[in-house]
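Asker: If you scroll down you'll find the structure; I have some questions about it.
The values are calculated or read from the model by the stated rules, or taken from the named source; none is laboratory data. For clarity, every value in this text was computed on a predicted model and none was experimentally measured. Please note: Cβ atoms are built from the backbone with ideal geometry, for glycine as well, and neighbour counts cover all protein chains shown.
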Amino acid sequence: MANTSALFFAALLLLAAVSPARGAGIFLNGLTVNGQLCCTSTGNCPGQGVGGVPIVLNCTNIFGGTTTAGRTTTTDTGSFNFTVPLVGLILGNIIPCTVGVQLPLESVACPVLSATTGTLSSTVQSIGTVVTSVLGLLQNATITGFTHLGV
């Protein structure tokens, strides 16, 4: 009887790990975040994409502090993508993360953001899809839109 209960419990854990549950917790192995930076006064699109800009993904860790989860650079079209491993139980949504761009940008790359200091910051928002990949289960996310955090 004990072996049957243990086997049933293990099967339930396996099912929970591979089923994209909504509203309930699910164990995720990673997070993928997509976005785009455009040469506008807000950094938001539509507009001309800005290439070669360093982008940082910061997430709140289990102790309440901020951890840099990833760094990348925008493509020629201003697009960026992070795929970072995570370890932990995600309840309902993803852990709190933000994407940041340090200002000013080079005047050649984006004149409108070359005279501004501070940071462009955007909250990461789940797009509600869990996919299977090489890392296992990934939470897909995008940015909500940049806001300027002055210095």
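Asker: Can you tell me which residue among Gly118, Gly52, Gly78 is surrounded by fewer than 16 Cβ atoms within 10 Å (Cβ to Cβ), in contact with a Gly (Cβ under 8 Å, 6 or more places away or on another chain) and at positive phi?
Answerer: Numbers: Gly52 fails: in contact with a Gly (Cβ under 8 Å, 6 or more places away or on another chain); Gly78 fails: surrounded by fewer than 16 Cβ atoms within 10 Å (Cβ to Cβ).
None of the others qualify; the one that does is Gly118.
Asker: Condition (residue is closer than 17 Å to Glu106 by Cα, assigned to a loop (DSSP other than H, G, I, E, B) and of a type in the set (Ser, Thr, Tyr)) applied to region 41-48: is it met by at least one residue?
Answerer: Scanning region 41-48, I find at least one residue that is closer than 17 Å to Glu106 by Cα, assigned to a loop (DSSP other than H, G, I, E, B) and of a type in the set (Ser, Thr, Tyr), so the answer is yes.
Asker: Would you pick out the residues in region 54-84 that are at pLDDT below 95 and of a type in the set (Ser, Thr, Tyr)?
Answerer: Thr60, Thr66, Thr67, Thr68, Thr83
Asker: If you don't mind, there's one more thing I want to ask. Considering only region 116-136, how many residues are touching a helix residue (DSSP H, G or I) at 6+ places or on another chain (Cβ under 9 Å) and modelled with pLDDT of 75 or more? Spell out the reasoning first.
Answerer: Residues of region 116-136 that are touching a helix residue (DSSP H, G or I) at 6+ places or on another chain (Cβ under 9 Å), as a first pass: 120, 132, 136.
Next, from what is left, pick out any that are modelled with pLDDT of 75 or more: 120.
Summing the residues that are touching a helix residue (DSSP H, G or I) at 6+ places or on another chain (Cβ under 9 Å) and modelled with pLDDT of 75 or more in region 116-136 gives 1.
Asker: Same structure again: Quick one: count up the residues across region 18-40 that are more than 15 Å from Phe80 (Cα to Cα) and either at pLDDT 95 or above or outside any loop (DSSP other than H, G, I, E, B) (or both). Working first, answer last.
Answerer: From region 18-40, those more than 15 Å from Phe80 (Cα to Cα) are 18-30, 40; that's our starting set.
Next cut, either at pLDDT 95 or above or outside any loop (DSSP other than H, G, I, E, B) (or both) only: 18, 25-30, 40.
Total meeting the criteria: 8.
Asker: Looking at (1) modelled with pLDDT under 90; (2) farther than 11 Å from Thr32 by Cα, find the lone condition where Ile94 falls short.
Answerer: Against the list (1) modelled with pLDDT under 90; (2) farther than 11 Å from Thr32 by Cα, Ile94 comes up short only on (2).
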